[in-house]
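The values are calculated or read from the model by the stated rules, or taken from the named source; none is laboratory data. Here the structure is a predicted model, which is why all the values come from computation and not from measurement. Here the Cβ is made from the backbone with ideal geometry for all residues, glycine too, and neighbour counts use every protein chain on show. In case anyone asks, the SASA skips ligands and DNA or RNA and just uses the protein heavy atoms, side chains included. Shrake-Rupley method; radii C 1.70, N 1.55, O 1.52, S 1.80 Å.
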Amino acid sequence: MTSSKNCWSCDKRIGYKDFVCNACGVLQKPFELNPFDIFSIDKKFEIDAKNLEEKYLELQILLHPDKFMNASQEEKNFSNIHTSFVNNAFKVLRDDVSRIKILLEYFGYQITENESFQDVSVLEEIMELQNKSMSIESESEKNKIKSQLMDKIEKEIKTVSQLFNEKKYKDVYKSCIKLSYLQKINGNLK
Amino acid sequence: MNLVNISEPDKKKSNNILCLGIDFGTTNSVCSVKIDEKIIYIEDSKKKLIPSIVLFKNQKVYIGNQIKNSSISELIFSVKRFFTENPDQIIFDQGSNKKTAIDISKEIFSYIKNLSQDYLKQNIDDCVLTVPAYFDEKARSGIMRAAFLAGLNVRRLINEPTAAAFAYGLEKKKRGLFLVYDLGGGTFDVSILELKEGIFRVLGTGGNSKLGGDDLDILFAESILKKYFSVNLNEVDNDLKLKTIKKCKSIKEKLLNKKSVSEKIKLEEDEKQINIESQLLNQSIEKLIDKTIAIVENLLNECDVSISSVDGFILVGGSTRLEIVKEKLKNKFKINIFSELDPDLVVSCGAAMHGYELLNGSKNLLLDVTPLSLGIETMGGLMEKIIPRNSPIPAIREQIFTTNENGQTSIKIKILQGEREVTSANNILDEFVLSGLEPKPAGIPRIKVRFSLDVDGILFVSAIDESSGKENNLVIKTNEQLSIQEMRELVSSSIQNAKKDIDLRLLIETKIKATKLINEINNVKPMMNKLCTTKESKEITKIIKLMKIELKSDNKDKISNLIDDLNDKTKNFAQKIIDSNFSNFVGKEIDLLDKS
Ligand SMILES: [Zn+2]
């Protein structure tokens, strides 16, 4: 991977990940970047949400189209694309499931979407929760299931963290699938 | 005109670029501008509220407070309501005088622009325009088109609750988490915003674009007629119905600071002096207020925000003056309620502040979201969401699609907006045909469809056939309406180039007409080559070329002549299109695509 590029406007040599040229101050062309790299944070599962949000807002201040109202048409277009990338990366990183998938990809684990999910005991567990959540009759029952779900989600997140440390990516992926089901049920409960 | 009670601005003193903040409302519109650290409201007959009412009479147009002593049935009001249906639909039809919601709104925008210019004693084109947060794509771009047609250069479209929060953040130095509750004349919005030093960020938005003060008036009128006349509002004839609703609206306003009022109400021959208590008002509108509260609760839930972490409600819109609204919110949510800034003016004020900062630079940033999910129809009539609601804007998402039949050379794409799974339950924004695909076995082509939602909340869709490697080989066939991008370029270039004495509005209209015509012809180009002689095609192409050159000038007459020429030269061809079967062109192989 190249570690530098030429500024499209003044042709000075600048860093590959620079959004703005430090010589002429012009916004650079959009470029593909891993979401973790966009915010310059470590590529690991545990994430400091507050730090991520601060970096997100810093980038908005740097890149948002409102800051380029009087700039050239090129910079306006670039700003629109950069900001969209940042918005998307922020969303991807905040969500546990999509963050896991990006990390797995980064660590070279091939996700095959069609791989059938074979862990019967997990499937049964999820089905049971699903059925329970569909036949809720009272607010107290709903709260009970919600807290059950939250416990399970928390536990699964700990497992994922552990498995990442042990580099057991296949198991991470299994946990990830379970987690995505749990979160889906949780989302539908809202 | 109406510049009496405010000292005249001294042009020399201010070096800043001026930008109007326009709140185009269902009932009233408000326009303000920030000059030298002060917000100044543009007045219409000494009033800050400009009624969004239009009257066409004796070949003339009257607007706002210009209209006096007119019969209510002649007036066009609440035109903003039509934008959520179809802004291009004709809603005023008087012989040869046919007007769409956009045409009528254009008149209001022109009026506001003229009032501003009279007051400022200078030309002003730049504006920040506000729209209800819950407005969909069609309504947003419709309002923008109307403003462009009036010669206004819309620099930014912002959401009404967001504008209000911006004003509170700057003027009242509010910091923390706030719920903006905006009950306007025709729409209800609620947004959750985080106000931090330098950054005002919307976390989520909910609402109902067909619920507002107008509906409260109708409910109140229904109750009064039922209680005192034993009559159903829907059974009285239209003129009387409108009069009664108007009367009840004024009673509602009187009840804002009184427990009861004594009023004479006349229904045909039946005239009664009745004592109306605020309790009756409250009873009749309670249901609607409950509806808004349910929307607030849903939004909190969806955004995972607990009410205990919210620092307060910010009230916006005339209808929030009603005591019952404040009472209900207080009882339900038990948090502070803020309404220090005039709920009728605060949206325009926030827009003017934002416009000033956009054009003159600032430390404050406004981050907003899209209120409704965007997607496309896939096999089986289901909606595939591409940009989910409450995504921060701008947003770009791409999705790869493929064909489902061997040799398929075109694909139909239906763009949808809404939250339901089934296509028919959502709003169909547009439908276009991608043609020119190389025939290949089913499932092989890779068509990348790109949704780009800009910072105004306006959507652009493009498509690339990845498998052919060529970028622009696909023809996107959509209607001949100009895109917001095209219109914006046209308006801002006209403003920049036009000589002072020119009628900008007419010039813009002519240019739009010409561009539309070019688009129309481009859309049927493959057919043109088939149905026209080479000589005809050549002539048409030549005129289009000339037209494109002339579009960069401000010679309205020359453009008009070219339009006539082009219409004349394509007359023959237009007839041929009608004669030939349209399906020959589109091809029967068109089918809904399935996701790859
Ligand atoms: Zn440079």
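Observations on the model:
- In the range B:134-205, the trypsin sites (Lys or Arg not before Pro) that fall in loop regions by DSSP, at most 10 other Cβ within 10 Å: B:173
- Averaged over peptide B:194-207, the number of partner chain Cβ atoms lying within 10 Å of each residue's Cβ comes to 1.
- Summed residue charge, Cβ within 10 Å of residue B:339's Cβ, Lys/Arg positive, Asp/Glu negative: 0
- Chain A - percent relative contact order, Cα under 8 Å, separation 6 or more: 16
- Between helix B:556-579 and chain B: long-axis angle, C-alpha atoms, 0 to 90°, nearest 10: 70
- Shape metrics for the protein assembly as shown, restricted to C-alpha atoms - Rg then Dmax, Å: 28.7, 88
- Working from Cα pairs under 8 Å separated by at least six residues, relative contact order for chain B is 13 percent.
- Comparing B:242, B:307, B:131 along the charge dipole axis of chain B, the residue lying farthest to the positive side is B:131, per the Cβ-charge model.
- Using alpha-carbon coordinates, inclination of helix B:504-523 to the longest axis of chain B, degrees: 40
- Measuring against 25 Å, Cα to Cα, the residue pairs B:227/B:258; A:43/A:144; A:146/B:210; A:101/A:184; B:98/B:516; A:132/A:155 contain A:43/A:144; A:146/B:210 as the ones spanning a longer distance.
- Residues residue B:68 and residue B:267, FRET efficiency given R0 of 30 Å [Cβ-Cβ distance, rounded to 0.05]: 0.75
- Once the Cβ-Cβ distance of residue B:90 and residue A:162 is raised to the sixth power relative to R0 = 56 Å, the FRET efficiency obtained is 0.25.
- Lysine pair count for the range B:291-395 [Cα-Cα under 15 Å; pairs on different chains or 8 or more apart]: 4
- Most positive-pole-ward Cα, A:40, B:62, A:86, against dipole of the protein assembly as shown from beta carbon charges: B:62
- Our helix-only sum for chain B, with -39,500 (n - 2.57) per DSSP H run of n ≥ 4 divided by its residues, gives a mean residue ellipticity at 222 nm of -12000 deg cm²/dmol.
- The mean sequence distance of close C-alpha pairs (under 8 Å, at least 6 residues apart), as a share of the length of the range B:484-586, puts its relative contact order at 33 percent.
- Between 0 and 90 degrees, the angle of helix A:169-188 with respect to the longest Cα principal axis of chain A falls at about 80 degrees.
- Mean ellipticity per residue at 222 nm, deg cm²/dmol - from DSSP H runs of n ≥ 4 across chain A, formula -39500 (n - 2.57): -20000 deg cm²/dmol
- Point-to-point label distance, residue A:132-residue B:175, nm (Cα→Cβ direction, 7 Å offset): 4.4
- Between residue B:425 and residue B:575, residue separation times 0.36 nm minus the direct Cα-Cα distance comes to 50.3 nm.
- Annotation note: trypsin sites (Lys or Arg not before Pro) in the range B:215-269 located in DSSP loop regions with a Cβ neighbour count of at most 12 within 10 Å are B:258, B:259.
- Accessible surface buried at the B:A interface totals approximately 2100 Å², computed with a 1.4 Å probe on protein heavy atoms.
- Taking trypsin sites (Lys or Arg not before Pro) across the range B:365-460, the ones in a DSSP loop with at most 13 further Cβ atoms lying within 10 angstrom of their Cβ are B:420.
- Charge dipole of chain B (Cα centre as origin; +1 on each Lys and Arg Cβ, -1 on each Asp and Glu Cβ, all else neutral): 980 debye, rounded to the nearest 20.
- Net length gained if the chain between residue B:529 and residue B:250 were fully extended (0.36 nm per residue, minus Cα distance): 94.2 nm
- About the Cα centre, charge dipole magnitude for the range A:112-189 (Lys/Arg +1, Asp/Glu -1 at Cβ), debye: 260
- Beta-bridge orientation, chain B: approximately 80 percent antiparallel, per DSSP, counting only bridges with both partners inside.
- Electrostatic dipole magnitude of the range B:484-586 [Cβ: Lys, Arg +1; Asp, Glu -1; Cα centre; debye, to 20]: 260
- Note that the protein assembly as shown presents 48 Å² accessible area per residue, ligands and nucleic acids not counted, probe 1.4 Å.
- Shielding score for A:79-89, defined as the mean number of other chain Cβ atoms within 10 Å: 5
- For the range B:370-479, alpha-carbon Rg relative to the globular expectation (2.2 N^0.38 Å, N residues): 1.06
- Shape of the range A:13-70, Cα gyration tensor, a/c cut at 1.5: oblate
- Scanning chain A for GluC sites (Glu not before Pro) lying in DSSP loops with no more than 12 further Cβ atoms inside 10 Å, the longest uninterrupted stretch between such sites is A:47-112.
- Using a 4.7 Å Cβ-Cβ cutoff, the cysteines of chain A lacking any partner cysteine are A:176.
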